[in-house]
1. Please state the shape class of the range 23-138: rounded when a/c is under 1.5, otherwise prolate if a/b exceeds b/c and oblate if not, all from the C-alpha gyration tensor.
2. Taking the Cβ of each residue in LEU102, LEU120, LEU64 as the centre, tally the other Cβ atoms inside 10 Å and list the residues starting with the fewest.
3. Let me check I've understood the local charge: for PHE67, count other residues with C-beta under 11 angstrom from its C-beta, Lys and Arg +1, Asp and Glu -1. What total comes out?
4. Treat each spin label as a single point 7 Å out from the Cα along the C-beta direction, and report the VAL62 to LEU129 distance in nm.
5. Loop only by DSSP, 15 or fewer other Cβ within 10 Å of the Cβ. Give me the chymotrypsin sites (Phe, Trp or Tyr not before Pro) in the range 6-48 that pass, ordered by residue number.
Amino acid sequence: METKRISWALLFLRISVFLVMFMWTLDKFFNPAHALAVYKKFYFISNQADIFIYVIGIVEMVILFAFLLGIKKKYSYGLILILHGISTLSSYTQYLDPFANLLFFAAWPMLAACWVLFYLRDMDTCCTLSYFCSKKED
């Protein structure tokens, strides 16, 4: 019973992390100028063509769907943790003026959720690809 409850809780964490990162990834396709501005401000990467953002978006989308489906959890969950960790830490200057940048603080509980998912990945079995494959064998 406890394992099932944990599995359901991890599923909801996985879906919520996916939704946030999915929207950030879609932004790369629908508004590459915004994504390029973010890369310039927070990652010090500038003077890139839109194709740079599209390639990053495609790679992120593959990782995100592997994460959502629970494929190769050690790697997909780990990459999501790393990507969000970089995003959170690269925004360090925003935390120096907290009341002007309150929304940036939402990155910390999401980073914690990414870590929990990575740490408990073996218990995250609800609605993963392996879950559906094992149901077909029953």
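1. Numbers: a/c = 2.97, a/b = 1.57, b/c = 1.89.
Oblate shape, in that a/c is at least 1.5 and b/c is the bigger or equal ratio.
2. LEU102, LEU120, LEU64
3. Values: positive: ARG14, LYS72, LYS73, ARG121; negative: GLU60, ASP124.
Every neighbour counted, the sum reads +2.
4. 1.2
5. Values: sites: TRP8, PHE12, PHE18, PHE22, TRP24, PHE29, PHE30, TYR39, PHE42, TYR43, PHE44; in loops: PHE44.
Of the chymotrypsin sites (Phe, Trp or Tyr not before Pro), the ones in loops of the range 6-48 whose Cβ has at most 15 other Cβ atoms within 10 Å are PHE44.
Any read-out appearing in this document is the output of simple, stated calculations on the displayed coordinates, not a laboratory observation. Bear in mind the structure is a predicted one, so any value in this text is a computation, not a measurement. For neighbour counting, all protein chains shown are included, and Cβ atoms are generated from backbone atoms with ideal geometry for every residue, glycine included.
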